[in-house]
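What follows is a single structure, written as C-alpha cells, with notes after it.
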Amino acid sequence: MARLEMRRRYSLSIFQSIEYADEQDQLQLSNFFTFMLDHCTHPDSVSHIFTSPSVSQVVDEGLYLTEFEKKIDVPDSYYGPRLSFPLTVEDANALLHAFRNEQLLHARYVLQLLCETRRVLKEMPNITHLSTSYSKEITVCGDLHGNLDDLLLIFYKNGLPSEQNCYVFNGDFVDRGKNSMEILIILFAFLLIYPNDLHLNRGNHEDYIMNLRYGFTKEVSKKYKDHGQQILCLLRDVFSWLPLATIIDSKVLILHGGISDTTDLDFLNALERNKLKSLMRPPKSVRDRQDQLKERIPTTRPSKHTAGKTQHISLSGSAEPSGSNLPPDPALKEWKQILDILWSDPRSQNGCTPNKCRGGGCYFGPDVTAKLFERYNLKMLIRSHEFKPEGYEISHNGKVITIFSASNYYEEGSNRGAYIKLNPELIPRFVQYQVSKYTRRQNLRERVCTIESSALKCLREKIYAHRAELTSAFAQYDLNGTGRISVNDWAAVMESVLQLELPWRMLCSQLAQTTPDGEVDFMSCFYDLKIGQPIKEVQPALVETLCRYRKDLEIIFNVIDKDHSGLISLEEFGQTWKLFASHLGIDVYDESLDKLVLSIDYNKDGHIDFNEFLEAFHVVHRLEKKANS
C-alpha cells in the first residue's frame with residue numbers, strides 16, 4: 001500500500017510540474033503574439049484573432065438581442081433548446097437536459113445569451129458582497145475546466161441554483177476539458193435567472209490568449225464553425241467583465257489565485273476591470289516600460305535551449321527592479337494587482353516571492369495572509385487555481401482554503417473534486433465526489449498503474465524534447481566515455497536541464513536502465529521513444545526544436561488559418577517560422593526544412609496541412625521492455 005501511494009504521489013507530481021512548465025511556455029508564446037503584432041510587416045495576418053470588423057461591431061456597439069434574431073436563422077431541423085429572453089428556470093432545465101444528451105445550443109441563442117450576460121455583468125461591482133443571512137448556506141466551487149460531468153454532479157448532489165441555494169463559482173470554467181462551452185452556457189443562464197444568487201469570479205483561464213493554448217478556442221471553432229469568431233470575440237468581452245472577487249459576511253474573501261504583499265482590495269474594487277482583456281498581453285504602457293528597463297539592464301541572448309525563459313516579459317514578483325527611478329504607472333499597478341489575485345499560490349514559508357513554477361503571480365506566506373486579514377478584518381481566504389488530490393487543502397493555520405472541483409483532472413481516477421458549504425457561523429463543510437465511468441471497475445493497483453503510465457508518458461515526451469541538451473550534460477559527468485554515470489549525477493542532470501523539481505532518484509528505475517553495479521545507462525532514457533515518421537533529411541537538432549515547440553506552432557498556425565480549413569500557404573509558414581525562431585533566439589536553421597514542407601504540399605498548390613506537418617515531429621512510444629518483463 002505504501003509503494004502504491006508513493007507511485008500515485010510522484011505521478012501526480014509529474015503531471016503538476018509539467019502543467020506549470022507548460023504555463024511558462026504559454027507566457028513565452030503570449031510575448032510572441034505581442035512581438036508579432038508590434039513588429040510583423042503584415043499584422044492583419046494575425047490580428048483577426050483579436051478583432052475583426054463584423055465581431056468588433058458586436059462587442060463595441062452592443063447589438064440588441066433582436067439583432068441576432070434578424071441576422072441568424074434557426075432552421076426547422078434544429079431540435080435543441082429554443083431560448084426566449086428573459087430566461088426562465090424551464091429554459092435552464094432544457095439546457096441541462098440537452099447537454100446531458102450531447103446536443104449543441106444554436107449559435108443564435110449562444111450570442112443572445114452572451115450579449116445579455118455581458119449586460120448583467122457590467123452592472124456588477126469588481127468585488128461582490130454576499131451575506132449568509134439570506135440563503136443560510138453558500139456553496140463555493142473551484143476550477144471546473146470544461147468537465148461538464150462535475151458540474152452536473154454538483155447540481156445533483158447540492159441542488160440547482162435558486163434564491164434558497166446560493167453559489168459562488170471561483171473561476172477557470174474553461175479550457176482542457178471538452179465541454180467548456182456548455183459549462184459557460186449553464187452558468188450564464190442561471191446568472192441571468194438568479195443574478196443575486198449565482199456569482200462568478202474570473203480565473204486566469206478566462207483569458208482569450210490562454211484559451212488559444214489550452215483548447216477552448218479550438219472547441220468553440222469546432223462546435224460553431226459559422227459563428228465561432230463572433231462567439232469568441234463576444235466571450236473575450238464577457239470574460240473581462242467577470243467580477244474579480246467575492247466577500248461573504250465581510251469576513252471570507254473568495255478569489256481565484258491568491259494575494260501578494262501589495263494586494264489592495266480598495267484599489268481592486270475601484271479599477272476598470274474590463275480594460276484588461278488578457279493578462280498575457282499587458283497594456284502597451286507596461287510593455288514600453290519593460291523596454292525602457294531592458295535598455296537600462298541589458299540581457300544576454302539566450303541559447304536555443306534556454307530560449308524563451310529570459311526574454312519574455314516577467315509576470316512574476318516585483319514589477320520592477322529595486323532602484324528603478326521610472327515614474328509610477330497606473331496601468332502597471334492595475335495589471336499587477338489583477339495578475340497577483342489570479343495567478344498566485346500559497347506556500348508555508350513566510351514572505352512573498354516570485355512564482356517561478358508558473359511564471360506569473362507570486363508565492364505568499366502565512367505572514368502575508370495575516371497582514372491582509374488584519375488590514376481588512378478578514379477571517380478566511382478561499383481560493384482555487386491549484387490541483388488537489390482530495391479536491392481541497394487547508395493551509396496557513398486554517399486561514400487559507402484551496403478548493404478544486406474538477407475530478408479526474410489529469411487522468412481517470414487521479415483525484416477527487418470538492419466544493420465548500422459555508423453557514424452563518426462561517427465554518428466550512430467540505431463535500432467530495434468523483435465522477436466515475438471506468439474507475440469503479442478497477443482495483444487500486446490498476447488505477448495507480450493507469451495514472452502512473454499516463455504521467456510517465458508525458459514526462460518521456462518532455463525528456464525527448466530536450467534530448468540534445470541532456471546528452472551534452474550527461475557527457476560532462478561521463479569522463480571516460482562509458483555511457484554510464486551514477487544515479488546522483490543522472491538525477492542532477494535531469495533537474496538542471498528540465499527544472500521540474502521531481503524526485504528523480506525515485507524515478508530513475510522507471511526512466512532509464514541501470515547496470516548491476518548501480519550505474520545508469522543514460523542514453524536508455526531515449527530508448528522507448530521515437531519520432532512518429534522517419535525524417536532522415538532533417539538534422540536531429542531541428543527535430544528536437546520542433547518537438548519542443550510543437551504546441552506553440554500549432555497555436556500560431558491555428559491563428560493564421562483564418563477560414564479553419566486546416567491549410568496555410570507556404571509563404572505564411574515561412575514567415576511564421578522565421579519570426580518564431582528569431583524571437584526565441586533559436587539558432588537552428590536547416591534548408592531541409594523547406595524540402596520537408598514542400599514534400600507535404602502534395603497538391604503542389606502552395607498550401608500545406610500543418611497538422612500533418614506537426615505529426616511528422618510527434619513523439620510516440622515503443623513498447624517498454626521493462627514493463628512487459
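The values are calculated or read from the model by the stated rules, or taken from the named source; none is laboratory data. Since we're looking at a predicted model, the values are computed, not measured. Don't worry about glycine lacking a Cβ; one is built from the backbone with ideal geometry, like all the others, and counts go over all protein chains shown.
Some notes on this structure:
- Check on residue 565, polar (S, T, N, Q) and modelled with pLDDT of 70 or more: no
- Taking region 152-179 as the range and being free of Cβ contacts under 8 Å to residues at least 40 places away in the same chain and buried (at least 24 other Cβ atoms within 10 Å of the Cβ) as the test, the residues that pass are 161, 166, 167, 169, 173.
- Cβ-Cβ distances below 8 Å connect the following pairs, each with a first residue in region 484-504 that is within 18 Å of residue 12 (Cβ to Cβ), a second residue that is among the polar types (S, T, N, Q) and crowded, with 19+ Cβ neighbours inside 10 Å, and a separation of six or more residues or different chains: 500/17; 501/17; 502/17.
- Residue count, region 474-495 (criterion: polar (S, T, N, Q) and assigned to a helix (DSSP H, G or I)): 2
- Look at region 427-451: where a residue is more than 30 Å from residue 251 (Cβ to Cβ) and a partner is in a helix (DSSP H, G or I) and modelled with pLDDT under 85, sitting 6+ places away or on another chain with Cβ atoms under 8 Å, you get 447/439.
- Count - residues of region 379-408 that are of a type outside the set (S, T, N, Q) and surrounded by fewer than 18 Cβ atoms within 10 Å (Cβ to Cβ): 7
- Beta carbons closer than 6 Å, at least 6 apart along the sequence or on distinct chains, pair a first residue in region 369-391 that is more than 16 Å from residue 344 (Cβ to Cβ) with a second that is of a type outside the set (D, E, K, R) and surrounded by fewer than 20 Cβ atoms within 10 Å (Cβ to Cβ) for 391/432.
- Residue satisfying all of: in region 514-545; acidic (Asp, Glu) and loosely packed, with under 14 Cβ neighbours inside 10 Å; modelled with the highest pLDDT among these: 517
- Answer from 470, 511, 507, 500 - the residue that is crowded, with 17+ Cβ neighbours inside 10 Å, closer than 29 Å to residue 403 by Cβ and at pLDDT 90 or above: 500
- Here the strands (runs of 3 or more DSSP E) wholly within region 279-395 that include at least 1 residues being at negative phi and modelled with pLDDT under 95 are 352-354, 360-364.
- Residue 482 meets each of the listed conditions (1) of a type outside the set (Gly, Ala, Ser); (2) modelled with pLDDT under 95; (3) closer than 30 Å to residue 147 by Cβ apart from (3).
- Residue match in region 229-249 (condition: surrounded by fewer than 24 Cβ atoms within 10 Å (Cβ to Cβ), more than 30 Å from residue 163 (Cα to Cα) and of a type in the set (Asp, Glu)): no
- Filtered by the rule that a residue be in a helix (DSSP H, G or I) and of a type in the set (S, T, N, Q), region 90-143 gives 93, 112, 117, 132, 133, 135.
- Cβ-Cβ under 6 Å pairs, at least 6 apart or on other chains, region 513-542 side under 26 Å from residue 453 (Cβ atoms), far side surrounded by fewer than 16 Cβ atoms within 10 Å (Cβ to Cβ) and modelled with pLDDT under 85: 528/621; 528/622; 528/624; 532/615; 532/618; 532/620
- Taken together, the criteria exclude residue 138 from residues that are closer than 16 Å to residue 391 by Cα, among the aliphatic types (A, V, I, L, M), crowded, with 21+ Cβ neighbours inside 10 Å and modelled with pLDDT of 95 or more.
- Evaluating residue 196 against the criteria (1) more than 19 Å from the chain's Cα centre (by Cα); (2) crowded, with 24+ Cβ neighbours inside 10 Å leaves one unmet condition, (2).
- Answer residue from region 399-437, given it is under 22 Å from the mean Cα position of the chain (by Cα) and assigned to a strand (DSSP E or B) and is nearest to residue 16 (Cα to Cα) among those: 404
Condition check ((1) touching a His at 6+ places or on another chain (Cβ under 9 Å); (2) outside the structural domain of residue 417 (by TED's automatic domain parsing)) across all residues:
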residue	(1), (2)
345	yes, yes
350	no, yes
363	no, yes
371	no, yes
384	yes, no
389	no, no
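- Of residues in region 550-562 being at pLDDT 70 or above and among the charged types (D, E, K, R), the one nearest to residue 229 (Cα to Cα): 554
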